[in-house]
Amino acid sequence: MALKINETCDACGRCLPACPQDAIRATGDGYAIDRTLCSECVGVHAEPQCEAVCRMDACVHDDDHPEREQALLARARAKGPSTGG
Ligand code: SF4
């Protein structure tokens, strides 16, 4: 499943350059994850990078939108190699 950014986000912006999928966008008062781009960082990092860098624990799994690992891997492959940022 994709991750989402919840209301505890304090808009520090650390997640933005950490995302290898360019899936995070500024919303004006915070940040949001495009779940059609998020790959949960599978195949690229051992853990979701937005979750890893977030000091507010605001990047959480979106239980409302479960996805199979196969689909997440395909999404990551479509994006191509990246180190984030
Ligand atoms: Fe980007 Fe990974 Fe966070 Fe998804 S889980 S938004 S791909 S950093």
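Which angle from 0 to 90°, rounded to the nearest 10, does the C-alpha axis of helix 69-79 make with the longest principal axis of the chain?
Between the helix axis and the principal axis of the chain, the angle is about 80 degrees.
Relative contact order for the chain: what is it in percent, counting Cα pairs under 8 Å that are at least 6 residues apart?
43 percent
Enter the accessible area of Ile24 (Å², nearest 10), with the probe set to 1.4 Å and all protein chains included.
Number for this one is 10 Å².
So what does log10 I(q)/I(0) come out to for the stretch 2-83 at q = 0.12, 0.19, 0.22, 0.27 Å⁻¹, using the Debye formula with one equal point on every Cα and no solvent?
The calculated log intensity ratios at q = 0.12, 0.19, 0.22, 0.27 Å⁻¹ are -0.29, -0.74, -1.00, -1.44.
Using only Cα atoms, locate the centre of the stretch 17-46 and the centre of the stretch 54-72, then give the distance between them in Å, rounded to an integer.
Value for the Cα centre distance between the two parts: 10 Å.
For every helix of n ≥ 4 consecutive DSSP H residues, a contribution of -39,500 (n - 2.57) applies; sum these over the chain, divide by its total residues, and give [θ] at 222 nm rounded to the nearest 500 deg cm²/dmol.
Result for the chain: -5500 deg cm²/dmol, rounded to the nearest 500.
The values are calculated or read from the model by the stated rules, or taken from the named source; none is laboratory data. Just so it is clear, the structure is predicted and the values come from calculations on it, not from any experiment. What goes into the accessible areas is simple: the full protein's heavy atoms, side chains included, and nothing from ligands, DNA or RNA. Shrake-Rupley method; radii C 1.70, N 1.55, O 1.52, S 1.80 Å.
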